[in-house]
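What follows is calculated from the coordinates using simple rules that are stated; it is not laboratory data. It should be emphasised that the depicted structure is a prediction, and the values quoted were computed from it without experimental measurement. Counting neighbours? That spans all protein chains shown, and the Cβs are built from the backbone with ideal geometry, glycine included.
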Amino acid sequence: MVFSSLTFVFIFFPVFFFLYYALRDTKSRNQLIIVFSLLFYAWGEPVYVVIMIISTINDYAFSILIDNVRDKNARMAKLYLVLSIIVNLGLLSFFKYSDFLIMNLNSLLHLKITMLNLPLPIGISFYTFQTMSYTLDVYRKQVKVQKNFNALLAYVTLFPQLIAGPIVRYSTVEDELLNRIIDVDLVAKGLRRFIIGLSKKIIIANQVAILANAAFAMKDGTLNWSFAILGIIAYALQIFYDFSGYSDMAIGMGHMMGFHFLENFNAPYRSTSITDFWRRWHISLGTWFRDYLYFPLGGSRGSKYRTIMNLALVWFLTGLWHGAAWNFIIFGMYYFVILVIEKSGGLSLISKLPRVLRHSYALVLILVGWVIFRSESIAQIGSYLSACVGLGASSLNIIPAKLTYTLPFMGLGILLILPSPKFIQTLNRKLLWIGDLAILMIFLMSTLYLVNQSFNPFIYFRF
């Protein structure tokens, strides 16, 4: 089940919140969250619910063991931590990377190992990182061990952020799991946020995705430079409005339930460097790798060589986290190289440029990164980038006529990325009813699109 479906919007969503608000105590609400979250997940993954529960039991049990021995036997506490991480990463690696490993072993050693062809459990990368963050924080004494299994299960299965993030750390919702306050203003704020996210997904992401898919489906040598550039701009808009829209919906529903999830995006396409971009894009993933891998490795406190090695490992794993394919690894290492250059003096040079040039520099590199991310093979990366610089087809057609209807949606997507004029911000603050009326109209429009659309993917479900 996806948020941007008629089933979710008009059945699951209202039924859940009607029952949720009918209950008066947090314990009962947590139990309702567990039931509906398991139902939500089982809607598309009935078998793999078990994997998620096993992951939760693993961290629940090992965290209690760690808490019991941490002050008496540090070595045993560390052993329990390592075992919990092995179980988590073992499950993730088995289901997500087995076939990738087999494929490369077969190719490298000329073997004929049969592929497992395992379906990827939806959201396994997200909830694995969430459960690991809990155990790591217990080990570090940054959170108290949770001995109420239902409370921890409610945290892991919490359906708003279960299958596509943001990665919500236990420390963020620790107090709210057992004691949260729901008021009308927070519910209204959450509902507005949900509708905005839904509209970003339905009205913009789904439309520009059609153009992006058409461009990337072109055979080698048949894509001209104009369609190639339009295609990658369309994909940049698609992945932003798709993923940030999902995060908006998750954060909005969190508010409606009394939770305060942290923001996951901060106007990433207004960045003036790649360092700036990764502070603004998928913030929950970036800070996870920073706090649980980069800093423990020593961060930038050691020698220059050690810092580079730390960055290389972080960005290799960041790429691999996104998918079991070489293009994702290349994606991670591409940004590693750029960030090393920026940290080695590049940023000081960039900062001297006019803002428009700094912004252009960042956007060009971001678009190249999305070509790497979206391509299905190393060969396609090369052919697509070649087309972007005029080495593809010589056709003068900018875009196939049947796709011209997507251009207004691209224009809308670009327009909404730009900063809002101050008078609009002032008007929104003074006349809230106008904003609410606009949101109602947006919801009605999104519903009309939902009724008529059959193309409705979520990019980040595969992670």
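Using the number of other C-beta atoms within 10 angstrom as an exposure proxy, rank Trp321, Trp281 with the fewest first. Kindly include the intermediate steps, with their values, before the conclusion.
Details: Trp321 19, Trp281 22.
Ordered from fewest to most neighbouring Cβ atoms within 10 Å, Trp321, Trp281 come out as Trp321, Trp281.
Most exposed first by the Cβ proxy, i.e. fewest other Cβ within 10 Å, how do Glu376, Glu174 rank? Please list the in-between numbers first.
Values: Glu376 11, Glu174 17.
The fewest-first ordering by Cβ neighbours comes to Glu376, Glu174.
Tell me, in nm to one decimal, what length is gained between Leu83 and Lys402 on full extension, where the rule is 0.36 nm per residue of separation less the Cα-Cα distance? Kindly include the intermediate steps, with their values, before the conclusion.
Numbers: separation 319, 0.36 × 319 = 114.84 nm, distance 5.51 nm.
Contour length minus the Cα-Cα distance gives 109.3 nm.
At a 10 angstrom cut-off on C-beta neighbours, averaged per residue, how do the peptides 104-116, 264-276 rank from highest to lowest? All intermediate terms of the calculation are to be shown ahead of the outcome.
Numbers: 104-116: 9.7, 264-276: 18.8.
Top of the packing list down: 264-276, 104-116.
Just to be sure I follow the rule: in the stretch 6-180, considering lysines 8 or more places apart or on different chains, how many pairs have Cα atoms under 26 Å apart?
10
Contact order normalised by length for the stretch 1-88, with contacts defined as Cα pairs under 8 Å and 6 or more residues apart; what percent is it?
Numbers: 39 pairs, mean separation 17.0, N = 88.
This gives 19 percent for the stretch 1-88.
Roughly how many nanometres apart are two label points built 7 Å out from the Cα toward the Cβ at Ile64 and Val356?
So the label points at Ile64 and Val356 sit 6.4 nm apart.
Under the definition of Cα pairs under 8 Å and six or more residues apart, what whole-number percent is the relative contact order of the chain?
Working: 588 pairs, mean separation 87.8, N = 463.
This gives 19 percent for the chain.
At Ser5 and Tyr21, where each label point lies 7 Å from the Cα along Cα→Cβ, what is the point-to-point distance in nanometres?
2.5 nm
Could you run the Karplus curve 6.51 cos²θ - 1.76 cosθ + 1.60 with θ = phi - 60° over the stretch 381-387 and give me ³J(HN,Hα) per residue in whole Hz, x for Gly and Pro?
For the stretch 381-387, the Karplus-derived couplings read 4, x, 5, 5, 5, 5, 4 Hz, x marking Gly and Pro.
Report the full-extension gain for the segment Thr114 to Arg270: residue separation times 0.36 nm, less the Cα-Cα distance, to one decimal in nm.
On the way: separation 156, 0.36 × 156 = 56.16 nm, distance 4.63 nm.
Going from the current span to full extension adds 51.5 nm.
Can you list the lysines whose alpha carbon sits under 29 Å from that of Lys343, skipping same-chain ones fewer than 8 residues off?
Lys304, Lys352
Just one of [x] 67, 46, 40; [y] 67, 59, 41; [z] 70, 60, 51 is Cα extents along the principal axes in Å calculated from these coordinates, so which is it?
Of the listed options [x] 67, 46, 40; [y] 67, 59, 41; [z] 70, 60, 51, [z] comes from this structure.
Can you pull the one-decimal nm distance between simple spin-label points at Ile378 and Lys304, each 7 Å off the Cα toward Cβ?
About 3.0 nm, to one decimal.
Quick one: length gained pulling Val340 to Ile181 fully straight, 0.36 nm per residue minus the C-alpha distance? Mind showing how you got there, number by number?
Numbers: separation 159, 0.36 × 159 = 57.24 nm, distance 4.45 nm.
Computed gain between Val340 and Ile181 is 52.8 nm.
Residues of the stretch 240-282 with the amide nitrogen closer than 20 Å to a label point 7 Å from the Cα of Gln31, along Cα-to-Cβ, please.
Of the residues in the stretch 240-282, 257-258 have backbone N under 20 Å from the label point off Gln31.
From the backbone phi of the stretch 61-75, what are the Karplus-calculated ³J(HN,Hα) couplings (6.51 cos²θ - 1.76 cosθ + 1.60, θ = phi - 60°) in whole Hz, Gly and Pro given as x?
In residue order, the calculated couplings are 5, 5, 5, 5, 4, 4, 5, 6, 10, 4, 7, 9, 9, 4, 5 Hz.
Using alpha carbon centroids, what distance separates the stretch 341-396 and the stretch 216-259, in Å?
The stretch 341-396 and the stretch 216-259 have Cα centres spaced 17 Å from each other.
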